[in-house]
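In what follows, a single structure is set out as structure tokens and then discussed.
Each value in this text was obtained by applying a stated rule to the coordinates, not by laboratory testing. These numbers come from a predicted model, not from an experiment. All Cβ positions, even for glycine, are placed from backbone atoms using ideal geometry, and neighbour counts span all protein chains on display.
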Amino acid sequence: MSTQTATPAGQVATGERSFLLRLYLGRGILAVAWALAFAGAHENVDAVAITLLVVYPLIDAVSSLLDHRATPDGAERRVIAFNGVLSTLVAIAIGVAGAGGEASVLHVFGAWAVISGAAQVIVGLRRRGPEFGKQWPTLISGGLSFLVGITYNIQAAGDNPSLDVLSVYATGGGVWFILQALLLGWKSRQLRTRTA
């Protein structure tokens, strides 16, 4: 029979907070870098543009996988798993939709933004508390994603669908993730000061 040393709850929270800080910061930087690359490569829905379009949800899928592995069992972890599977399926769907042009891609991206935005809000609400802060950047980002996704589907059904909006979407999402990482860092310093 093996013996396990219990890890204090404070250390677990500190480790999870540190992990989330790195995850959010990395995810934010990747989103901004993707936006810059896509801004100069989407004039035509060609192989390069489609490849970038497929990569973006895959970034989210990998981030969700890492987050899922570090999150304790519970409803929050199930939502993260759902989002990871959803993002993987969206990557495939966008690859297929690319053959149909901008409107098809925008429909898929818009639907994804709605669902993943709702999932992000759920996770943000569950992470609110003394250890992880109020999660305002995550909640605002998820809410905006939900609303913007609706407008993308309306635009896709119109006469002039454009993928220009996706660079703006990724940049905004990246900035919110970076802001959430900075707030987690600030929260960590606050808690260290209190316990010093």
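Where the centre of each part is set by its Cα atoms, how far does region 21-69 sit from region 100-148, in angstrom?
Each part's Cα centre sits 15 Å from the other's.
For the chain, what class follows from the C-alpha gyration tensor (a ≥ b ≥ c being the square roots of its eigenvalues): rounded when a/c is under 1.5, otherwise prolate if a/b is larger than b/c, else oblate?
prolate
Using Cβ contacts closer than 10 Å as the measure, can you line up HIS68, HIS42 from fewest to most?
Lowest to highest Cβ neighbour count: HIS68, HIS42.
Counting helices only, and only those DSSP H runs with n ≥ 4, report the 222 nm mean residue ellipticity of the chain as the sum of -39,500 (n - 2.57) divided by its residues, in deg cm²/dmol to the nearest 500.
Value at 222 nm, helices only, nearest 500: -28500 deg cm²/dmol.
Counting only C-alpha contacts under 8 Å and six or more residues apart, can you give the relative contact order of the chain as a whole percent?
Contact order relative to length: 30 percent.
Might you report the magnitude of the Cβ-based charge dipole of the chain about its Cα centre, with Lys and Arg at +1 and Asp and Glu at -1, to the nearest 20 debye?
1200
For a quick check: sort VAL123, VAL114 by the number of other beta carbons within 10 angstrom, fewest at the front.
VAL114, VAL123
Please get the size of the charge dipole for region 40-122, origin at its Cα centre, with Cβ charges of +1 on Lys and Arg and -1 on Asp and Glu, quoted in debye to the nearest 20.
In total the dipole reaches around 260 debye.
Could you list GLU76, GLU43, GLU102 so that the one with the fewest beta carbons within 10 Å of its beta carbon is first and the one with the most is last?
Result, fewest neighbours first: GLU43, GLU76, GLU102.
Would you mind counting up the charge near TRP176? Only other residues with Cβ under 15 Å from its Cβ, with Lys and Arg at +1 and Asp and Glu at -1.
Surrounding charge for TRP176 is +2.
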